[in-house]
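All of the numbers you see were taken from the coordinates with simple rules; none came from a lab. This is a predicted model, so every value here is computed, not measured. Cβ placement follows ideal geometry from the backbone for every residue including glycine, while neighbour counts extend to all protein chains displayed.
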Ligand code: NAP
Ligand code: G3P
């Protein structure tokens, strides 16, 4: 038995994975498990527990019971534990990456990078613990108050944080919630995406070995459609940090009542390409932005808006490069692999067909075999086509030709999403002016849209999110100020007279 399998053997029986609470790995009393199949070859990767509402109650109660002890564990100790976890994540990156590749069809090297990126987040979160420093304010800043009134503000945890991640980055986008939640002194209940739950469940072993006490970190597995509503409306959950589709985000917001919410949702990031853009840099950014992990990234380039002076050359070059992408097995690091489900493939195909029916030109792709869709470039897409607005989440890039920067701004802003925008040009003054007009969280100038580096603020407007992520921002969002006001009495005042020096 290899060392990794020995370390992880506690969390499973054969291919049946358990859920983790109070430092123990458990089988659900439901007797039901959910099979997880490799989207590339349909082989069974493993099965996860379908937790019941009673188990949800118990797990949340375990997390609640352990808030006080974890909150009073020194911040430095909590940070040290995260750093130990980072070391373990790095040590096990190859094993976890392979598992992730099998679960969600991500090319092996990218899957390993996702694991290592999470270790980086754990380390950086530990180092960002001074985001928890408070401040002291004297009353006499405001007219009518004296310095005998003084507020001492420090940051305290919110309580039990529910962390829900998406299938496309199941390890990284649960890890980026768990680390700030823990360093801020919260206890955590993680509900991983079903496709991705095996890899994410390994946080149980990692965090326990790093020194997280029982009950502080817990997992719940089960379909969101079955236990999601129960979980998010649970009265002992104090905050929800969620990444996933805008549709699920809206549902959670309805069910969660007054709980604080931190949401990273869908996107329709548009790349505005002006006539003077450097062609090859722009082509590289579009190819990598639109097609890496088959376009299944919130921050994928999902529309290109080129000006007339560059449109023909750009479409031609992007189609040429798209045709060179390798197709097939994620284990062999092919550029394009399987989409997460055949249902999602059907949806992507529906968008392609709708565009073709309405007059879009196919420059390459539009071919499907099983769950693989060939990289597809659609030119002359118009505003009446669904793909101009809907999030394709697949390897298809629509070109909507524009006649002016103003038109590009209008089309960008008409979207219900507002994650990121891109401008490709050598005219930085104009780029900056356009950037100010775009109704998005972030504008990239001469680069593809991207969440990372993970210490940058990351946010979406409109249907793309709520609140701000990014390491120090997440720590702030997962804690709150606690204010103690000192009202000093005249009695203890030192009597001394200040005399102005002449
Ligand atoms: P999803 O279908 O919305 O699922 C996301 C998570 O929510 C999964 O863990 C899912 O569990 C759970 N869930 C489903 N229904 C729920 C409910 N009623 N209550 C609570 N949880 C529920 O999204 P996805 O398909 O995994 O991910 C793709 C989407 O995420 C895309 O729209 C993408 O743009 C977005 N995304 C955004 C960001 C960002 O940072 N802005 C990053 C990555 C992805 P199950 O798996 O069990 O259904
Ligand atoms: O889908 C979201 C995401 O977290 C990808 O990260 O940095 O490659 O945009 P990044």
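Which whole-number percent gives the relative contact order of region 41-183, counting Cα pairs below 8 Å spaced six or more residues apart?
25
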Check: So how far apart, in nm, are the two label points at residue 65 and residue 236 if each is 7 Å from Cα heading toward Cβ?
Finding: 0.8
Check: Taking only the alpha carbons of region 253-307, what extent do you get along each of the three principal axes, in Å, biggest first?
Finding: 49, 23, 13
Next item on the list: At 7 Å along the Cα-to-beta-carbon direction for both residue 149 and residue 6, put a label point, then send me their distance in nm to one decimal.
Entry: 6.5
Next item on the list: Compute the label zone of residue 140 within region 460-502: residues whose backbone N is under 20 Å from the point 7 Å along Cα-to-Cβ.
Entry: 485-502
Notebook entry, point to check: Can you sort 246, 151, 489, 176 so the residue with the fewest Cβ neighbours within 10 Å comes first?
Noted result: 489, 151, 246, 176
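Please report the antiparallel percentage of DSSP beta bridges with both residues in region 270-445, rounded to the nearest 5. Mind showing how you got there, number by number?
Working: 5 of 22 bridges.
Here the share of antiparallel DSSP bridges comes out near 25 percent.
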Checklist line | Value of Rg/Rh across region 242-363 [Cα atoms, Kirkwood radius] | finding: 1.04
Next item on the list: Average the reciprocal distances over every distinct pair of alpha-carbons in region 63-201, invert the result, and give the Kirkwood radius in Å.
Entry: 16.6
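Please arrange 304, 362, 232, 484 by counting, for each residue, the other beta carbons lying within 10 Å of its beta carbon, fewest first.
In order of increasing Cβ crowding within 10 Å: 484, 362, 232, 304.
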Item checked: Rel. contact order, % - alpha carbon contacts under 8 angstrom, at least six apart, region 391-498 -> 20
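Once you have a ≥ b ≥ c as the square roots of the Cα gyration tensor eigenvalues for region 404-497, tell me rounded if a/c is under 1.5, and otherwise prolate or oblate according to whether a/b is larger than b/c.
Details: a/c = 3.31, a/b = 2.64, b/c = 1.26.
In terms of gyration-tensor shape, prolate.
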Notebook entry, point to check: Using the alpha-carbon atoms, what tilt in degrees (0 to 90, nearest 10) does helix 405-414 show relative to the longest principal axis of the chain?
Noted result: 70
Note to self: Along the Cα→Cβ direction, 7 angstrom out, place labels at residue 29 and residue 257. What is the inter-label distance in nm?
What the structure shows: 2.4
Note to self: Looking at the chain, I'd like the Rg to Rh ratio, where Rg is from alpha-carbon atoms and Rh is Kirkwood's inverse mean 1/r.
What the structure shows: 1.04
Next item on the list: Kindly work out what percent of the DSSP beta bridges joining two residues of the chain are antiparallel, to the nearest 5.
Entry: 50
Note to self: Helix-only mean residue ellipticity at 222 nm, the chain, DSSP H runs n ≥ 4 weighted -39,500 (n - 2.57), per residue, nearest 500. What is it?
What the structure shows: -11500 deg cm²/dmol
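Would you mind ranking 242, 263 so that the residue whose beta carbon has the fewest other beta carbons within 10 Å leads the list?
Going from least to most buried by this count: 263, 242.
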Note to self: What whole-number volume per residue, in cubic angstrom, does the convex hull of the C-alpha atoms of region 270-445 give?
What the structure shows: 103
Checklist line | Whether region 297-400 is rounded, prolate or oblate, judged on the alpha carbon gyration tensor where a/c under 1.5 counts as rounded | finding: oblate
Next item on the list: Multiply the residue separation of residue 109 and residue 209 by 0.36 nm, subtract the distance between their alpha-carbon atoms, and state the gained length in nm to one decimal.
Entry: 33.4 nm
Margin query: Compute the angle between helix 428-437 and the longest alpha-carbon principal axis of the chain, please, reported from 0 to 90 degrees and rounded to the nearest 10.
Written below: 70
Checklist line | Ratio of the Cα radius of gyration of region 217-286 to 2.2 N^0.38 Å, where N counts its residues | finding: 1.70
Margin query: Once you keep just the Cα pairs under 8 angstrom separated by 6 or more residues, what percentage relative contact order results for the chain?
Written below: 17
Next item on the list: Compute the acute angle (0 to 90°) between the alpha-carbon long axis of helix 75-91 and the principal axis of greatest extent of the alpha-carbon atoms of the chain; round to the nearest 10°.
Entry: 30
Next item on the list: For residue 54 and residue 323, compute 0.36 nm times the residue count separating them, minus their Cα-Cα distance, and round to one decimal in nm.
Entry: 91.7 nm
Check: Hey, what D do you get for region 1-147 in µm²/s if you plug the Kirkwood alpha-carbon radius into Stokes-Einstein at 10 °C and 1.306 mPa s?
Finding: 84
Margin query: Using alpha carbons only, how many angstrom separate the centre of region 375-414 from the centre of region 86-108?
Written below: 34
